[in-house]
1. Got at least one residue in the stretch 141-148 being more than 13 Å from the chain's Cα centre (by Cα), modelled with pLDDT of 80 or more and either within 24 Å of residue 38 (Cα to Cα) or part of a helix (DSSP H, G or I) (or both)?
2. Got at least one residue in the stretch 94-113 being more than 25 Å from residue 47 (Cβ to Cβ), touching a strand residue (DSSP E or B) at 6+ places or on another chain (Cβ under 8 Å) and at pLDDT 75 or above?
3. Tell me yes or no: at least one residue of the stretch 201-211 is without any contact (Cβ under 8 Å) to a residue 40 or more places away in the chain, surrounded by 13 or more Cβ atoms within 10 Å (Cβ to Cβ) and farther than 21 Å from residue 87 by Cβ.
4. If residue 52 satisfies all but one of (1) part of a helix (DSSP H, G or I); (2) over 22 Å from residue 8 (Cα atoms); (3) free of Cβ contacts under 8 Å to residues at least 40 places away in the same chain, what's the number of the condition it fails?
5. Taking the criterion of being modelled with pLDDT under 85, assigned to a loop (DSSP other than H, G, I, E, B) and outside the structural domain of residue 141 (by TED's automatic domain parsing), would at least one residue in the stretch 224-233 satisfy it?
6. Got a number for residues in the stretch 31-48 being part of a helix (DSSP H, G or I) and surrounded by 15 or more Cβ atoms within 10 Å (Cβ to Cβ)?
7. Please verify whether residue 43 is under 19 Å from residue 115 (Cα atoms) and either assigned by TED's automatic domain parsing to the domain that holds residue 10 or at pLDDT 80 or above (or both), treating the condition exactly as stated.
8. Could you check the stretch 118-132 and list, in sequence order, the residues that are in a helix (DSSP H, G or I), crowded, with 16+ Cβ neighbours inside 10 Å and in contact with a helix residue (DSSP H, G or I) (Cβ under 7 Å, 6 or more places away or on another chain)?
């Protein structure tokens, strides 16, 4: 598949959101996910698990990539996949220290979310996860927090009850992959946030830092970050819905 053809597919996917086109692109570049997964073998995680993480990162990378920026897709996707694999190891090391039951739920939730997004092209809502896995929504929220993936993956209702991922709405000022309208919506929703609150959101969901790393940056305790994060996400959800 020539680069020109790949770029055309990427442009068509950007315009249409057709999952069949996304999967066609993924098949072309799955070998990169395979190579990167193999580099992390021997660190206590099975190859099949690493390959699944890498493949999911590839799909997310295709969603985020904008062919109009003039960057080669291979240049973009390699660090994207590597970063996701490193995050997986980081999350796994956290889970060693938590209760076994919660660890098992967190793994089940994460696996379901990966499969759901791969099949449907969107993230599952907390309600969908809870109903499918026969868990309470509180258990799902706790499990997602353990994996460091919560919060903005919960869903906020949009117009006509359409569900949107709050995580997908977050945009850094330098993020060229987000639309002007999206940035403005977030700025409006966060206009009454203090500087500290805005930093917390940026550290957690733009820079993708852990709660402990965020706490160090802010000079507070991890418990403080956890409590503030819960409050801010509810507030942000209400502002976006309003």
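The values are calculated or read from the model by the stated rules, or taken from the named source; none is laboratory data. As the structure is a prediction and not an experimental result, all values here were calculated from the model. Neighbour counts are summed over all protein chains in view; Cβ atoms, including those assigned to glycine, are modelled from backbone coordinates with ideal geometry.
1. So far as the stretch 141-148 goes, no, none of its residues is more than 13 Å from the chain's Cα centre (by Cα), modelled with pLDDT of 80 or more and either within 24 Å of residue 38 (Cα to Cα) or part of a helix (DSSP H, G or I) (or both).
2. no
3. No, the stretch 201-211 contains no residue that is without any contact (Cβ under 8 Å) to a residue 40 or more places away in the chain, surrounded by 13 or more Cβ atoms within 10 Å (Cβ to Cβ) and farther than 21 Å from residue 87 by Cβ.
4. (3)
5. No, the stretch 224-233 has no match at all.
6. Adding up the residues that qualify gives 5.
7. Spelling it out, it is not the case that residue 43 is under 19 Å from residue 115 (Cα atoms) and either assigned by TED's automatic domain parsing to the domain that holds residue 10 or at pLDDT 80 or above (or both).
8. Within the stretch 118-132, 118, 126, 129, 130 qualify.
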